[in-house]
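The values are calculated or read from the model by the stated rules, or taken from the named source; none is laboratory data. Just so it is clear, the structure is predicted and the values come from calculations on it, not from any experiment. Neighbour counts run over all protein chains shown; Cβ positions are idealised from the backbone, glycine included. Keep in mind that these areas ignore ligands, DNA and RNA; they rest on the heavy atoms of the full protein, side chains included. Shrake-Rupley method; radii C 1.70, N 1.55, O 1.52, S 1.80 Å.
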Amino acid sequence: MKSFNLFLLSAAAACLISCGGNSGRPSFGDNEYPVETIGTSSVAMQTTYPATIKGVQDVEIRPKTSGFITRINVHEGQSVGAGQVLFVIDNETYQAQLRQAQAAVNQATAAINTAEAQLNTAKLQYDNSVQLHANGVIGDFELQTAKNSYSSAQAQVNQTKAALSQAQASLASAKENLSFCYVKSPASGVVGSLPYKVGALVSASSQPALTTVSNISAMEVFFSMTEKDVLEMTKKAGGLNAAVNAYPPVRLKLADGTIYPHEGRVVKMSGVIDAATGSVSMIARFPNPEHLLKSGGAGSIVVPRDNSAAIVVPQACISEVQDKHFIYLLGPNNQVKYTEIQVDPQNDGVNYVVTGGLKVGDKYVMRGITKLTDGMEIVPITIQQYEKKIKDAEKLGENQNDAKKLKSALGM
C-alpha cells in the first residue's frame, strides 16, 4: 500500500513537472504589446479655486465719541440684533450737558409763555384804543402808543420762540452726544473678537475696532478666475450679466477637506481685471443655516465641468518627465513614437483627460511602456489577449511552484 501511494505521488509530480515545462508555456512574444484606439467619452470634471469666506455683511463697530468703556454687554460669538447696545462709554459729561440743555429749553418755554401773555394784554389795549380813537376819546398819539406796544409784544414773542428753537436744537445735540456713549449694533449678526476691556480709552480712530458684527445667515465666498477663462465664459454666454446667470452651481471645499453640504451660486463678478494678478474677482453666495461657515475662513471653490467628447486615457500608459506627459503612439510599420501630450491638471488619480497631442483614431500602447523605446517595432495585440497571456503566465508559475513542492516532498 505504501508503494502504491508513492507511485501516485510520483505520477502527480511528473504531470506537474511536464505542465510546467517549456511545452506548456504560452507563446508570449517579447515584442507583443496591447494597443488601444483613441475614442471619446463623457466625463464630469471640476476646477478648484482658492477662496476666502466672509459674511454677507461684516460691520466694524467703532464709537463716535471718545471716552472710557464702562460696560461691555456682549461676549465673543454672541448673536445680536440690530439696535442692541454692545458697549457703554463714560457719559457723565454728556449727561450734564443734556440736563443743561433741557433747562435752557424749559427757560425758553417759560419766556414764551410770559411773552404771549404780554402780547395778549397789548392786543387788548390796542383794540380798546382803536375803539376809543374812533369815538374821539383819545388822540392819535395814544393810539400810536398802543399800536407800538402791541408790535413790541409780537416781536418779543418771536424772539422767545427763536430762543426756544435754539434751546431745542442744543437739547437734540446733547441727546445725540449722549446716545453716542451707547454703542449699538447697526445690523443683526454674530459678535467677533473683543480686543478692549472695561476701562480702556477708545475713540473713533482707535485701532483695532471695538469688534466686528458679521451677518452669517448667508456667506459670500470670494475667489478669482483668470482673464482668459472669464473672456471665454463671457463670450460664450453673450455678456457679463449673462455669464453670471449661466454660471453653474458651485461647491465649497472646507479647510478640513470636506465638502460643504449646501450648494452656492455665483452672484457677482468684478468688471475690472486686477493688473497685478491678471485675474477677475468672483463672489459666490452660500446659505449658512447651521452657522458652520465663519467669516474670515478659507477653502476652495469647486466648479463642475462636463465634457461630452473628452479623450480619456489611463495614467498607467503615460510617462511623466519634468512636468511633461508622454505616450507611445503606434505609427506606420507598427513602430511606436514617443509623443508629448497635454492633460487637464484635474484628474481622478486613475485616468487623464487629454487636452492636446492626441486625436480620435490614434492608437497607443497601454501596458509595458517602460520596456519601449522610440521607433521600436512591436506586435500589437488587444488588451484582452494581453490579459489572457498574463493569466496563463500566472497559472504557469503556480504549477511550477506546486511541482517544486512535490519534488521536495518526494526527495527529488
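Structure values in brief
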quantity	calculated
Of all residues making up the stretch 329-351, the number that are in contact (Cβ under 8 Å) with a residue 12 or more places away in the chain, surrounded by 11 or more Cβ atoms within 10 Å (Cβ to Cβ) and within 42 Å of the chain's Cα centre (by Cα)	9
Residue check, residue 354 open to solvent by 30 Å² or more (accessible area, probe 1.4 Å), without any contact (Cβ under 8 Å) to a residue 60 or more places away in the chain and aliphatic (A, V, I, L, M)	no
Neighbours by Cβ (under 7 Å, 6+ apart or cross-chain): first from the stretch 140-154, over 13 Å from residue 127 (Cα atoms); second surrounded by fewer than 16 Cβ atoms within 10 Å (Cβ to Cβ) and modelled with pLDDT under 85	none
Options 105, 130: the member that is within 30 Å of residue 174 (Cβ to Cβ) and out of contact with any His (no Cβ under 7 Å at 6 or more places or on another chain)	105
Number of the exception - residue 309 against (1) in a loop (DSSP other than H, G, I, E, B); (2) surrounded by fewer than 12 Cβ atoms within 10 Å (Cβ to Cβ); (3) hydrophobic (A, V, I, L, M, F, W, C)	(1)
Complete set of residues in the stretch 37-77 that are open to solvent by 80 Å² or more (accessible area, probe 1.4 Å) and of a type in the set (Phe, Trp, Tyr)	68
Odd one out for residue 370, checked against (1) within 15 Å of residue 316 (Cα to Cα); (2) open to solvent by 30 Å² or more (accessible area, probe 1.4 Å); (3) touching a Ser or Thr at 6+ places or on another chain (Cβ under 7 Å)	(3)
Matching entry among 165, 206 (being under 60 Å from the mean Cα position of the chain (by Cα) and either hydrophobic (A, V, I, L, M, F, W, C) or under 30 Å from residue 57 (Cβ atoms) (or both))	206
Qualifying residue in the stretch 259-281 (condition: open to solvent by 50 Å² or more (accessible area, probe 1.4 Å), small (Gly, Ala, Ser), at pLDDT 85 or above and within 25 Å of residue 348 (Cα to Cα))	no
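Residue-by-condition table, conditions (1) open to solvent by less than 80 Å² (accessible area, probe 1.4 Å); (2) assigned to a helix (DSSP H, G or I); (3) over 19 Å from residue 165 (Cα atoms):
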| position | (1), (2), (3) |
| --- | --- |
| 82 | yes, no, yes |
| 88 | yes, no, yes |
| 95 | yes, yes, yes |
| 98 | yes, yes, no |
| 112 | yes, yes, no |
| 118 | no, yes, yes |
| 121 | yes, yes, yes |
